[in-house]
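This report concerns only the one structure given below.
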Amino acid sequence: MPSVEHPLSGEQVALSGRLSVLSRRDVRGLIERLGGTFSADLTPRTTILLCDAPAADVPPHVHRVLTERDLCQMAGLPDPDTLRERYYSTKDLRGMYAGLRDEHLRYLEKWGLVRPTAGRYAFADLTVIRQAAAEIERGASLKAVLRALSAEQEGQLALDFQPPRGERPPARVVALPAASSPEPALFPADGPDRMTAANQSMAAKYFLEGAELDDGETRDLEAAATAYRRAALLDPLLVPALVNLANIHYERDELVEAEALYEKAIRIDTDCFEAYFNLGNIQHDVARYADAVSAYRDALAINPSYPEAHFYLAVTLEKLGRSLEARPHWKAYRDLAPDGEFVELAREFSE
């Protein structure tokens, strides 16, 4: 009986015609990984027929017909439409990098430097492929390139050209708006207004205390979080305290808590750039790319001159296969941050 890991165990699978995305080599590898055997032609021992459209005449010994979509689902791969739209084929890459050959890609894969999905490459692989192609075009030997890239792998950027979360601090609010930190009156009025003014003043005090603890090389995140919580308890509408407290949760990888606080901040202040931008980072991190695009666009509507928002929006759009939409944001990052860490990448994708 076929196992969950090998659902095609004991089956012989024949391919009829051509598929829209998967090559014959991809199909053979997937079928063998799933426990089956691949047959180039339909034989009396064939039990499964793989085709891109419903087969008209199926021999009686074939008890099952699979489509390309079925095979992708069975193998835990993205569906064919996603593979076509969001992943790069070897043909795409050869068009982007003139000196790149199929053998180069095979060696990059063999050394574990790229991880293709059904013969296609994700946007995250492009940084390595681009480096390899550039070095090969300069005349470096493939072996030297592989060794250099392998040695650099530990220090390479994670998360698709974004620094690791601990090295990618979210946008932080460093000061309160003037209206949010009123000076206590010399002779405060009696009644509810007096309590409100006092609360706002104390909330501002705790916020500034938290901001000081949250800054510099000797940051005390626990004490800063406590100060921000006290500020938010005294003044629930103090958006800077909510944002900076969310940032601490984000840096600790407590994404659920951080997202809830960013969303609360946005409900209070629909023009809070930091909340939109940081919310987009969370949504990108958990692969909710459409939501991330929306958050980054909202952030840029408030502050269009923030280069990192253009950069992360461009990366996210590329992952969604929307390269034309990404191009102006690559260009914006290049123009706004001419000495930025990813300016060469932005220059390549904006042209």
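Just need a number here: residues in segment 322-339 that are under 20 Å from residue 128 (Cβ atoms) and in contact with a helix residue (DSSP H, G or I) (Cβ under 6 Å, 6 or more places away or on another chain).
2
Quick check on my filter: what residues within segment 107-118 are among the small types (Gly, Ala, Ser) and surrounded by fewer than 18 Cβ atoms within 10 Å (Cβ to Cβ)?
112
Identify, please: which residue in segment 336-351 is of a type outside the set (Asp, Glu) and touching a residue at least 24 places away in the same chain (Cβ under 8 Å) and is, among those, nearest to residue 324 (Cα to Cα)?
Step one: of segment 336-351, the residues of a type outside the set (Asp, Glu) are 336-338, 340, 342-343, 345-347, 349-350.
From what's left, touching a residue at least 24 places away in the same chain (Cβ under 8 Å): 336-337, 340, 342, 345-346, 349.
On the way: 336: 19, 337: 21, 340: 22, 342: 19, 345: 16, 346: 13, 349: 10 Å.
My answer is 349.
Can you pull out every residue in segment 23-52 that is among the small types (Gly, Ala, Ser) and more than 19 Å from residue 84 (Cα to Cα)? Steps first, please.
At the first step, the residues of segment 23-52 found to be among the small types (Gly, Ala, Ser) are 23, 29, 35-36, 39-40.
35, 36, 39, 40, listed by residue number.
Got a number for residues in segment 235-259 being touching a helix residue (DSSP H, G or I) at 6+ places or on another chain (Cβ under 8 Å) and either farther than 21 Å from residue 215 by Cβ or acidic (Asp, Glu) (or both)?
7
List every residue pair whose Cβ atoms sit under 7 Å apart, with the two residues 6 or more apart in sequence or on different chains, where the first one lies in segment 258-274 and is more than 17 Å from residue 236 (Cβ to Cβ) and the second, anywhere, is modelled with pLDDT of 90 or more and of a type in the set (A, V, I, L, M, F, W, C).
Within 7 Å, the pairs are 258/246; 258/282; 259/279; 259/282; 271/302; 273/299; 273/302; 274/243.
Exactly one of (1) in the same structural domain as residue 227 (by TED's automatic domain parsing); (2) hydrophobic (A, V, I, L, M, F, W, C); (3) in a helix (DSSP H, G or I) is unmet by residue 287. Its number?
So residue 287 meets the others, but not (3).
Name the pairs: first residue in segment 122-147 and more than 13 Å from residue 96 (Cβ to Cβ), second residue among the acidic types (Asp, Glu), Cβ to Cβ under 7 Å, at least 6 apart or on different chains?
These pairs meet every condition: 124/160; 145/135.
What's the number of the only condition in (1) within 20 Å of residue 267 (Cα to Cα); (2) within 32 Å of the chain's Cα centre (by Cα); (3) among the small types (Gly, Ala, Ser); (4) at pLDDT below 85 that residue 180 fails to meet?
(2)
Looking only at segment 121-169, count every residue that is part of a helix (DSSP H, G or I), modelled with pLDDT under 55 and loosely packed, with under 12 Cβ neighbours inside 10 Å and tell me the total.
Going through segment 121-169 one residue at a time, the tally reaches 4.
Please go through (1) at pLDDT 90 or above; (2) surrounded by fewer than 23 Cβ atoms within 10 Å (Cβ to Cβ) for residue 341 and return the number of the only condition it doesn't satisfy.
(1)
With respect to the numbered conditions (1) closer than 24 Å to residue 202 by Cα; (2) buried (at least 19 other Cβ atoms within 10 Å of the Cβ), which one is the sole condition not fulfilled by residue 280?
(1)
In the set 276, 333, 296, 312, which member is in contact with an Asp or Glu (Cβ under 6 Å, 6 or more places away or on another chain) and either assigned by TED's automatic domain parsing to the domain that holds residue 253 or in a helix (DSSP H, G or I) (or both)?
Details: 333 fails: in contact with an Asp or Glu (Cβ under 6 Å, 6 or more places away or on another chain); 296 fails: in contact with an Asp or Glu (Cβ under 6 Å, 6 or more places away or on another chain); 312 fails: in contact with an Asp or Glu (Cβ under 6 Å, 6 or more places away or on another chain).
Just one listed residue meets the conditions, 276.
Which of the helices (runs of 4 or more DSSP H) contained wholly in segment 56-109 include at least 3 residues that are over 24 Å from the mean Cα position of the chain (by Cα) and over 30 Å from residue 148 (Cα atoms)?
Working: elements: 68-74, 80-86, 90-96.
Here the list reads 68-74.
Consider only pairs whose beta carbons are under 6 Å apart and that are at least six residues apart or on different chains; among these, list those whose first residue lies in segment 234-245 and is within 13 Å of residue 170 (Cβ to Cβ) and touching a residue at least 24 places away in the same chain (Cβ under 8 Å) and whose second residue is assigned to a helix (DSSP H, G or I) and of a type in the set (Asp, Glu).
243/274
(1) of a type in the set (Gly, Ala, Ser); (2) out of contact with any Asp or Glu (no Cβ under 7 Å at 6 or more places or on another chain); (3) assigned to a helix (DSSP H, G or I): which one isn't true of residue 227, the others all being true?
(2)
The values are calculated or read from the model by the stated rules, or taken from the named source; none is laboratory data. Just so it is clear, the model here is predicted, and its values are computed rather than measured. Because the Cβ atoms are built from the backbone with ideal geometry, glycine has one as well, and the counts that use them run over all protein chains shown.
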